C-alpha cells in the first residue's frame with residue numbers, strides 16, 4: 001500500500017510496481033501549479049509527487065525532470081568520483097542511471113479499480129495495464145508515470161512486433177521480456193552449420209522464442225525450450241503460435257536444461273556479470289555470470305555423442321573489465337568442453353556508434369560470437 005495525507009485526511013491505495021520498487025514513504029499531492037525546479041528538488045530529496053492536475057501536464061513535468069537530470073553540471077563537484085578503469089566507468093554509469101531512474105520515478109499517477117486514469121485529458125491505457133499487470137484489482141491504485149509509459153511502449157511493441165530478417169517475420173515481445181532488437185546474434189544462429197543428424201535441439205532461456213523459431217524454420221524437427229520466467233514462456237508460446245511453429249517447439253518451465261540429451265544445445269545468456277536492478281534487466285545482467293557458468297557446467301552431460309553446444313555471447317564484459325577471456329576459456333575447459341569453432345559479428349545498434357555514450361570505447365570494440373562447443377572426449 002501507498003499512504004499519504006490529502007486535505008487533512010489520511011489516504012491510501014494499492015501500490016503497483018512491476019520492477020519491485022517499494023512504495024515511497026513521503027508523498028505530496030501536486031498539480032499544474034508546481035514549478036519544475038521545485039518538483040526536481042523534491043524528487044531528488046525522495047518526495048514522491050502524486051499528480052492531481054491535467055494528465056498531459058504530468059508528462060511535460062516528467063520531461064522537464066529528465067532534462068534536469070541529464071544536464072551536466074557547469075563545474076564538477078570537488079569530490080566527484082572519477083573512473084580510472086573501464087570497470088569503474090561502467091559502475092559509475094550504472095549508479096548515474098539508477099539515480100536518474102529514482103528521480104524520474106517520483107511522478108505518480110492514480111488509477112481507479114479498472115485501470116482508468118481519473119485525470120483530465122488522460123489516455124485510455126487499460127489494455128496495456130492489463131497486459132503488464134494482469135486483471136484489474138477492483139480498487140484504486142497508484143503507479144509511477146515512468147513505469148506506465150514503459151508499459152504503454154511495450155504494449156505498442158507487442159502490437160507492432162520487431163522485424164527479424166532471419167525469420168522473415170516479426171517477433172512480438174511481451175512486457176518484461178527482452179526484445180530481440182539486436183539482430184546480429186539471431187543471424188549467427190541462422191547461419192551456423194547445424195550438426196549432422198540434428199533431430200532435436202534444446203534452447204536454454206527461450207525469452208521471446210526467437211531462437212527456437214529460427215531453429216525450427218531451419219528444419220530442426222523438434223526443439224525443447226526452457227525458461228524459469230512464466231512471462232517469457234507465455235511470450236514464446238504466443239510468438240510460436242503466430243508463426244505456426246507451436247507443434248515444433250515444446251516449452252518447459254525449468255532452470256537451464258530439460259531432461260535428456262540433444263545433438264544441439266543453444267544458449268544466449270545475459271552478457272554482463274552485474275546485478276539486475278529490475279526484472280527486465282535480468283536478460284542483460286547475470287550476477288557472477290551464474291547462468292553462463294551453469295550452462296557451461298551442465299552442457300557436457302546433456303550433449304548427445306558428437307553434439308554441439310552453441311553459446312551466444314558478446315565480449316562487452318571483457319572490454320569493460322568485468323570478465324576476462326581467460327576466465328571464460330577456463331570455465332569452458334573445466335567443464336570438459338573444447339571450442340571447435342567461433343563465428344563473430346560486429347554490433348549494429350546505435351550505441352556502438354555514439355561517441356557521446358559513456359561506454360563508447362567498449363561498445364565500439366564489442367564483438368558478438370557464437371561459440372561452437374563440444375565435449376573434450378570425441
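What is the order of 12, 314, fewest Cβ neighbours within 10 Å to most?
Lowest count first: 12, 314.
Rank-order 144-152, 249-257, 91-99 by packing density, defined as the average count of other C-beta atoms within 10 Å over each peptide's residues, highest first.
144-152, 249-257, 91-99
Determine the relative contact order of region 2-157: mean sequence separation of Cα pairs under 8 Å and six or more apart, normalised by residue count, in whole percent.
26
When the helices in the chain are scored as -39500 (n - 2.57) per DSSP H run of 4 or longer and the sum is shared across all residues, what 222 nm value do you end up with, to the nearest 500 deg cm²/dmol? Walk me through the intermediate numbers first.
Values: 12 runs with 131 residues, N = 378.
Value at 222 nm, helices only: -10500 deg cm²/dmol.
Can you tell me the mean projection area, over all orientations, of the convex hull of region 230-353's alpha carbons? Units nm², please.
If I average the Cα hull's projected area over directions, I get 9.4 nm².
What ranking of 15, 371 emerges when the number of other C-beta atoms within 10 Å of each C-beta is taken as an exposure proxy, fewest first?
In increasing order of surrounding Cβ atoms, one gets 15, 371.
Mean shadow of region 2-157, computed from the convex hull of its alpha carbons, in nm²?
Convex hull of Cα atoms, orientation-averaged projection: 11.1 nm².
Quick check on region 161-375: what does the Kirkwood estimate of hydrodynamic radius come out to from the alpha carbon pairs, in Å?
Final number for the Kirkwood radius of region 161-375 is 17.3 Å.
Of the labelled options (i) 33, 21, 20; (ii) 42, 26, 17; (iii) 33, 26, 20, which one gives semi-axes √(5λ) of the Cα gyration tensor in Å as computed for this structure?
Given (i) 33, 21, 20; (ii) 42, 26, 17; (iii) 33, 26, 20, the structure-derived one carries the label (ii).
Only counting other Cβ atoms within 10 Å, I'd like 38, 226 sorted with the fewest neighbours first.
38, 226
Want the number for residue 342 to residue 284: 0.36 nm per residue separation, take away the alpha-carbon distance, what's left? Let's see the in-between values first.
Details: separation 58, 0.36 × 58 = 20.88 nm, distance 2.16 nm.
Difference between extended and current length: 18.7 nm.
How long is the gain from residue 19 to residue 163 if the chain were fully straight, where each residue apart is worth 0.36 nm and the alpha carbon distance is subtracted? Each step should come with its number before you reach the end.
Working: separation 144, 0.36 × 144 = 51.84 nm, distance 2.68 nm.
Fully extending the segment from residue 19 to residue 163 adds 49.2 nm.
Going 7 Å from the Cα of residue 116 along its beta-carbon direction, which residues of region 14-40 have the amide nitrogen within less than 19 Å of the resulting point?
Only 14 pass the distance filter.
For the chain, calculate the relative contact order in percent as a whole number, restricting contacts to Cα pairs under 8 Å that are 6 or more residues apart.
Relative contact order here is 12 percent.
Every number here is computed from the coordinates shown, using simple stated rules; none is lab data. These numbers were taken from a predicted model, which means no experiment stands behind them. When we count neighbours, we look across all protein chains shown, and the Cβ atoms used for this are built from the backbone with ideal geometry, even at glycine.
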